Amino acid sequence: MDPQQQIIDLTRKLNHYNTRYYQDDVSEVSDFEFDQMLKQLKALEDQYPAFMQGDSPTQRVGGTVTKTFSAVYHRYPMLSLDNTYNEQELRNFDDRVRKGLDGEAYEYICELKFDGISLSFTYENGVLVRGVTRGDGTRGDDITTNIKTIRTLPLRVSGEALPPVFEVRGEGFMPISSFQKLNEEMESLGENLYANPRNAASGSFKLQDSAETARRALDCYLYSFITDNDFFKSHEESLLSLKSWGFNVSPGWRKVQTIDEVIAFIHEWEEKRLSLPLATDGIVIKVNSFEQQRELGFTAKSPRWAISYKYKAENKPAVLRFVTYQVGRIGTITPVANLSDLTERTLPYNQVKGVHLSGTRVKRATLHNANELERLGIRLYDTVFVEKSGEIIPKITGVDVSQRESYETKPIVFPTHCPECGHELQRNEGEVAYFCPNDSHCPPQLKGRIEHFIHRKAMNIESLGEGKIELLFDLGLVKTPADLYDLNESNLLGIEKSILNEETGKVKKISFREKTVENILKGIELSKTVPFKNVLFALGIRFVGATVAEKLATYFKSIRALRAATYEQLTGVPEIGGRIAMSIESYFSVPENQLLVERLEQAGLQMETNEKPVEKESEVLEGKTFVISGVFEHFERDDLKEKIEANGGRVLSGVSGKLNYLLAGANMGPSKLEKARKLGVTILSEEEFLAMIANIS
Ligand SMILES: NC(=O)c1ccc[n+]([C@@H]2O[C@H](COP(=O)([O-])OP(=O)(O)OC[C@H]3O[C@@H](n4cnc5c(N)ncnc54)[C@H](O)[C@@H]3O)[C@@H](O)[C@H]2O)c1
Ligand SMILES: [Zn+2]
């Protein structure tokens, strides 16, 4: 291909990947592939500068600002970092630094490269006033309310001779444990999963609802301090001071003198970093002296005094021993590759340990769906390549076809029937996944429906988690959501089970003691007050997500009216299409579902909408004012407001001397709390509030 066309194509492709990555938090290719393409483009542009495109990704920082937040200009531009995946290029970087500094002695600071999103925080007179994303490097999104949910980020700092205005920068990230929890939750809601913690962090920092951001337990490491004057002489000094002022500085950095020491640091962390609680994708190397940093200067998109070394995702051959088929919570069938190491090719599978990949043994990798099997052209007993994408989820990247000469392979036959219940599988037009339509008898689907039912966005029975549901299901105590309402102390107390996690080999013990049982029953009881729209969502009707449920609840107002609605009436509701209408009709035509709804109604769940004005429950809060702040266990904010009003109280937005109560949830801003204390406002916990209204509702 001619170089001009190649430059045009690469520019277009890379810009597309950038948009997907920075705006949609989706990686269509691996970082390594992206970086190789960018390098190729850079080389072509160097050779044919005349063909460089106006929007070349080699000249700009990749991100953009969004429309959802207001854009803020950075006082100092936020740049990217040059990167490399090999040691030779690192030595070339060192040569450039040496030349650039004309023989002066210099030092490096090596730090871990945290995989999240770049953030900038401005402090005025010691108070945190603003938090902004990197955006396009010149302007970023103002996400101040969201970054205030980071618990380790000080809202106020004091220190000797702190400048009146300064900026700190760092990496906002999602700890791996939060990431896994979030994805499990997304899965149970039937939503798309995040591929890695970076994409999850990026999406979570840019949510509209900061209470939801708070719930996702984000964190941040700080690594840079900036002011107008020369405050510090070196990066080392600034790191030490940041730490002493109470900023969260990762302890993993080191000052070194030579590039060999840098490389030793890189080797040292290659495996060690995998046991950190957050994802890291490399090492950042920075010239220590600020004066030398200034001498070296910047290119269009990155400093010349720093570089990042990125670890390549480890890619290893493995043998595909057999394929199993998992049935998901909404019946989706996912083929899973069961792998062994090459040396274990003929070993009985129960003795197989798996392939050693990025610090762990991998025995399983998802094959996603039937299309993916075709795309890979994979066969049984094939030699395949496995990689951990985002260092977390193992993935099969290709097949070593040459090995088919030495080892016999067989075609993979996708099952026609559900491995769990035997029902014939279906695939909807235009969809890639097969599913088991037997949603009222297929065990994983039954379990999945109960898990969905208790979810925070549905009936919000937080005292019951996945493990407990699993146990109750296996014991036959809870087979449908309606069975939850028949539970009592005598059949719960003393239940016990050890659950083995097959991946980690760890055993988790669950046992129901008095306190647990009490909490479970309380949670179930409280769920009877959850509004109709949540109940409707909780039923788990295919295609009826939270938003659709709300629309239907507003329109039909009761389960009776919805059940009686004809196809025409259903599609007559704005934004309700044929697919949803059909799904609702078919749901209510199944006898098991009819029975379920009846039992739930008898149990006392809200089966109709309480239209405003709010139905009065009591007058106990008459004349009292409330400010609600933070996140609550049993209520969404709106529900809490309704509850207060239903009992005669009023909800205000700001704390003042006249206020009666500050209702304080988790993660509330400390400034509000402080103000309330000063003004002598009574601070209520959620429990205290519940007690206040308990006698009457
Ligand atoms: N897979 C895809 O589709 C896709 C698309 C676009 C970009 N990308 C990836 O993103 C990269 C570009 O992103 P980028 O411009 O943010 O570059 P980068 O992530 O490679 O490096 C720069 C960033 O590193 C972060 N960082 C982490 N720890 C740091 C530390 N200790 N000190 C300083 N900075 C630290 C900062 O946020 C900084 O902005 C590409 O090279 C590619 O790997 C992937
Ligand atoms: Zn089934």
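The values are calculated or read from the model by the stated rules, or taken from the named source; none is laboratory data. What you see is a predicted model, and the numbers here were worked out from it, not measured in a lab. As a convention, Cβ positions derive from the backbone with ideal geometry for all residues, glycine included, and neighbour counts pool all protein chains shown. These accessible areas exclude ligands, DNA and RNA; they are computed on the full protein's heavy atoms, side chains included. Shrake-Rupley method; radii C 1.70, N 1.55, O 1.52, S 1.80 Å.
Taking the range 394-439 as the range and being within 16 Å of ligand 1 (Cβ to nearest atom) and out of contact with any helix residue (DSSP H, G or I) (no Cβ under 9 Å at 6 or more places or on another chain) as the test, only K395 passes. Cβ-Cβ contacts under 7 Å between residues 6 or more apart (or on different chains), taken from a first residue in the range 3-14 that is part of a helix (DSSP H, G or I) to a second residue that is among the aromatic types (F, W, Y) and open to solvent by less than 70 Å² (accessible area, probe 1.4 Å), are listed as P3/F51; Q4/F51; I7/F51. Residues that are part of a loop (DSSP other than H, G, I, E, B) and in contact with a helix residue (DSSP H, G or I) (Cβ under 6 Å, 6 or more places away or on another chain) within the range 634-664 comprise H634, N647, V655, G657, listed in sequence order.
Restricting the range 129-140 to residues that are assigned to a strand (DSSP E or B) and open to solvent by less than 10 Å² (accessible area, probe 1.4 Å), the residue that is nearest to ligand 2 (Cβ to nearest atom) is T133. Filtering the range 686-694 for residues that are touching a residue at least 40 places away in the same chain (Cβ under 8 Å) and either hydroxyl-bearing (S, T, Y) or open to solvent by 40 Å² or more (accessible area, probe 1.4 Å) (or both) leaves a non-empty set.
Across the range 665-681, what is the number of residues that are open to solvent by 70 Å² or more (accessible area, probe 1.4 Å) and either outside any helix (DSSP H, G or I) or touching a residue at least 60 places away in the same chain (Cβ under 8 Å) (or both)? Selection size over the range 665-681: 1.
The rows are residues; the columns are (1) more than 10 Å from ligand 1 (Cβ to nearest atom); (2) at pLDDT 95 or above.
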site: I7; (1), (2): yes, yes
site: T11; (1), (2): yes, yes
site: E45; (1), (2): yes, yes
site: T66; (1), (2): yes, no
site: S70; (1), (2): yes, no
site: L81; (1), (2): no, yes
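Tell me whether the range 430-437 contains one or more residues that are open to solvent by 50 Å² or more (accessible area, probe 1.4 Å) and farther than 30 Å from T480 by Cα. Checked against the condition, which is being open to solvent by 50 Å² or more (accessible area, probe 1.4 Å) and farther than 30 Å from T480 by Cα, the range 430-437 yields at least one hit.
Condition test on Y85, is it more than 16 Å from T138 (Cβ to Cβ), away from ligand 1 (no atom under 14 Å from the Cβ), touching a residue at least 12 places away in the same chain (Cβ under 8 Å) and of a type in the set (S, T, Y)? It is false that Y85 is more than 16 Å from T138 (Cβ to Cβ), away from ligand 1 (no atom under 14 Å from the Cβ), touching a residue at least 12 places away in the same chain (Cβ under 8 Å) and of a type in the set (S, T, Y). Taking the criterion of being touching a Leu at 6+ places or on another chain (Cβ under 9 Å) and either over 30 Å from V478 (Cα atoms) or in a helix (DSSP H, G or I) (or both), would at least one residue in the range 418-441 satisfy it? So far as the range 418-441 goes, no, none of its residues is touching a Leu at 6+ places or on another chain (Cβ under 9 Å) and either over 30 Å from V478 (Cα atoms) or in a helix (DSSP H, G or I) (or both).
Rundown of residues vs (1) surrounded by 20 or more Cβ atoms within 10 Å (Cβ to Cβ); (2) assigned by TED's automatic domain parsing to the domain that holds K301; (3) more than 15 Å from T227 (Cα to Cα), yes/no style:
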| position | (1), (2), (3) |
| --- | --- |
| Y108 | yes, yes, yes |
| T122 | no, yes, no |
| D142 | no, yes, yes |
| N146 | yes, yes, yes |
| L155 | no, yes, yes |
| P163 | no, yes, no |
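For the range 300-335, the set of residues classified as away from ligand 1 (no atom under 16 Å from the Cβ), assigned to a strand (DSSP E or B) and either under 30 Å from E107 (Cβ atoms) or open to solvent by less than 10 Å² (accessible area, probe 1.4 Å) (or both) consists of A318, V319, L320, I333, P335, listed by residue number.
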